[in-house]
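For reference, the structure discussed in these notes is given below.
The values are calculated or read from the model by the stated rules, or taken from the named source; none is laboratory data. Here the structure is a predicted model, which means the values were calculated and not measured. FYI the Cβ positions are ideal-geometry reconstructions off the backbone, even for glycines, and counts take in every protein chain you see. The accessibility values were calculated without ligands, DNA or RNA, using every heavy atom of the protein model including side chains. Shrake-Rupley method; radii C 1.70, N 1.55, O 1.52, S 1.80 Å.
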Amino acid sequence: VQCVGASVQMMLNIIEPGADRTRRRQRELQDLARSWSGTRPDGSVRQGAGVSGWAAALRISRAGAYRVVGADTLDGAMRIAATAMREYRKPVGLLVWQGRHAWVMSGFEATGDPVDGSFRVTRAYILDPLYPHGSREWGRSPKPGTAIPVSQVGEQFVRRRSLVSGSPWNRLPGMARLAGKYVLVV
């Protein structure tokens, strides 16, 4: 349940090396993200933080004007991530495991410069708060500092769960527009 807090903390440390890396700060960031994540539609207590809380925690922590976006394809999501990273020189968040886990994309390799518009992302540098463990269902965490092929990123960075019509999750602000999308915090 700490993956968003850990991801916010990693992103802040990339943006401003030497920022607070303590457990206490990670817990504060997790609590901040959770407080901005909205309530669960079933009324139960939220254990983790949602993607909207992730973006809010970054904005409140003065990391920049982060927002949540969705893409229809993996290649499209990678283009959005690379373009944002190139333009703003900041890491990007990836919502993985159909919306159940958070990764940080800290770099990329591409066939061209995103500024020129004609490029394809070929590899990504991923930071997983669960490294080296990963998930039995989804696979091992990528090794930090290693550029992995986009196809390998796509084994865990998959579309967010599609929401069933009439589902209470559709009533959460912004969630219906992200159903079935690759979700990023840029």
Take segment 15-34 and flag every residue that is open to solvent by 70 Å² or more (accessible area, probe 1.4 Å) and under 20 Å from Val186 (Cα atoms). Glu16, Pro17
So Ala82 passes all but one of these: (1) more than 12 Å from the chain's Cα centre (by Cα); (2) at pLDDT below 95. Which condition number does it fail? (2)
In segment 138-164, anything open to solvent by less than 70 Å² (accessible area, probe 1.4 Å) and in a loop (DSSP other than H, G, I, E, B) is listed as Trp138, Ser141, Pro142, Pro144, Gly145, Thr146, Gly154, Gln156, Phe157, Val158, Arg160, Leu163
I'd like the full set of residues that are among the hydrophobic types (A, V, I, L, M, F, W, C) and farther than 29 Å from Gln30 by Cβ, limited to segment 98-120. Ala110, Val115, Phe119
Of all residues making up segment 44-63, the number that are open to solvent by less than 10 Å² (accessible area, probe 1.4 Å) and more than 26 Å from Ser162 (Cβ to Cβ): 3
Matching residues in segment 98-137 - criterion: being open to solvent by 30 Å² or more (accessible area, probe 1.4 Å), at pLDDT 95 or above, closer than 23 Å to Tyr66 by Cα and β-branched (Val, Ile, Thr): none
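Look through Tyr66, Tyr88 and report the one residue that is on the phi < 0 side of the Ramachandran plot and open to solvent by 30 Å² or more (accessible area, probe 1.4 Å).
Exactly one of Tyr66, Tyr88 is on the phi < 0 side of the Ramachandran plot and open to solvent by 30 Å² or more (accessible area, probe 1.4 Å), namely Tyr88.
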Pairs only if they're at least six apart or on different chains, beta carbon under 6 angstrom, first in segment 85-106 and closer than 17 Å to Arg140 by Cβ, second crowded, with 19+ Cβ neighbours inside 10 Å and of a type in the set (Asp, Glu); list them, first residue then second. Trp103/Asp128
